[in-house]
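Here's the structure we're looking at; comments come further down.
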Amino acid sequence: MNYIVFDLEWNQSSSVEEEVSGLHFEIIEIGAIRLDSEGLMTGEFNELIRPAVYHEMNQITSRLIHLQMHELERGRPFLQVAEEFFRWCGREEYLFCTWGAMDLIELQRNMKYYQMEPLSKGPLVYLDVQKLFSIAFQDGKSRISLEHAVEFLEMEKDIPFHRAFSDAYYTAKILIVIIMKKPEVLKKVSFDVFHPPKDRKSEIKVQFDTYMKYISREFADKTEAFTDREVVSSKCYLCHRNLRKKIRWFTPNGRHYYCLAYCDKHGYLKGKIRIRKSEDGKTYIVKTTKLISQEEAELLKERSQHVKELRRRRDLPEEA
């Protein structure tokens with residue numbers, strides 16, 4: 001198994017009116033490092049891309065990455081660079097690795113704009129090194145910048161940040177530390193859902209150490225999604241039994257939904273649903289279920305009651 005650690009730089013329109021539909025960010029640079037299964041660097045990739053959509057450099061982009069438009073004119077078209085990048089990745093099995101989730105999304109969005117073949121027909125497994133760093137060395141929830149992570153690990157800053165190759169280089173160095181010191185966290189894979197599951201058979205169900213993740217197929221809207229039994233079910237991921245809910249699904253904000261169930265053998269189970277929109281405007285859901293303590297269950301009950309009280313107050317008629 002090889003690891004393809006890559007980073008992108010992109011440009012965008014300086015005004016909403018001039019933004020091109022389907023391409024909010026135009027990729028202008030791809031940088032990558034290839035690692036083998038032992039964490040040894042076996043290849044480098046670094047290419048500028050000649051803009052075809054946005055021919056003026058966004059001021060914020062220019063200040064951040066220190067690139068000017070005349071430099072990009074020396075680059076090659078996106079299609080040529082992208083095809084060469086995938087050839088460089090090689091034929092051996094590999095995982096994409098990025099700092100955060102945005103780069104893989106924008107790569108696929110640019111590919112779609114140029115009508116390239118998709119990377120996959122459904123969710124794509126990859127390593128979010130930013131998340132893995134937090135799990136390995138921090139609290140597992142916080143997300144810090146690449147530069148701060150390099151400082152945390154007391155690495156030498158031997159090349160400048162905020163260019164595609166240099167950020168891929170530092171991300172690869174952090175991944176090497178994880179491979180060497182905390183290899184167990186590599187099991188914490190992420191799923192890119194630029195292409196959601198297309199049918200029930202291809203839906204994602206994966207169990208991690210302390211929780212279960214389910215990614216549904218697409219539905220027409222949220223209402224249809226919540227009529228699906230698999231979406232709204234609560235199952236103990238240890239004994240695989242369907243559980244009766246103590247608290248039915250509720251939402252404090254219309255985007256995240258929570259429920260509470262109880263397993264006689266393993267205790268309280270918290271469910272969380274996140275509503276997501278696909279590129280085609282359809283709806284899919286990402287559900288996580290996790291066993292929690294009685295104290296955490298009580299807090300969830302209080303939160304549910306708080307939401308009910310807010311709704312009750314909202315629905316009361318105004319006094320004359």
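The values are calculated or read from the model by the stated rules, or taken from the named source; none is laboratory data. Keep in mind that this is a model prediction, so the values were computed, not measured. In this analysis, Cβ positions are derived from the backbone assuming ideal geometry, glycine residues included, and neighbour counts consider all displayed protein chains.
Take LEU300 and decide whether it is outside the structural domain of GLY140 (by TED's automatic domain parsing), closer than 30 Å to PHE194 by Cα, of a type outside the set (S, T, N, Q) and outside any loop (DSSP other than H, G, I, E, B).
Against the criterion (outside the structural domain of GLY140 (by TED's automatic domain parsing), closer than 30 Å to PHE194 by Cα, of a type outside the set (S, T, N, Q) and outside any loop (DSSP other than H, G, I, E, B)), LEU300 does not qualify.
If you take the residues in the stretch 95-136 that are β-branched (Val, Ile, Thr) and assigned to a helix (DSSP H, G or I), which one is farthest from VAL206 (Cα to Cα)?
Ranking the candidates gives ILE105 first.
Within the stretch 296-319, does at least one residue satisfy the condition of being of a type outside the set (S, T, N, Q) and in contact with a helix residue (DSSP H, G or I) (Cβ under 9 Å, 6 or more places away or on another chain)?
Looking for residues that are of a type outside the set (S, T, N, Q) and in contact with a helix residue (DSSP H, G or I) (Cβ under 9 Å, 6 or more places away or on another chain), one finds none in the stretch 296-319, hence no.
Would you confirm, using the coordinates I've provided, whether ILE144 is in a loop (DSSP other than H, G, I, E, B), within 24 Å of PHE191 (Cβ to Cβ) and among the hydrophobic types (A, V, I, L, M, F, W, C)?
yes
A quick yes/no check of all residues on (1) outside the structural domain of THR42 (by TED's automatic domain parsing); (2) loosely packed, with under 14 Cβ neighbours inside 10 Å; (3) farther than 28 Å from LYS277 by Cβ:
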| position | (1), (2), (3) |
| --- | --- |
| PHE165 | no, no, yes |
| ALA168 | no, no, yes |
| LYS173 | no, no, yes |
| LYS205 | yes, yes, no |
| TYR211 | yes, no, no |
| ARG217 | yes, no, no |
| PHE226 | yes, no, no |
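Please go through the stretch 1-17 and pick out each residue that is assigned to a loop (DSSP other than H, G, I, E, B), farther than 30 Å from GLU93 by Cα and in contact (Cβ under 8 Å) with a residue 24 or more places away in the chain.
GLN12, SER13, SER14
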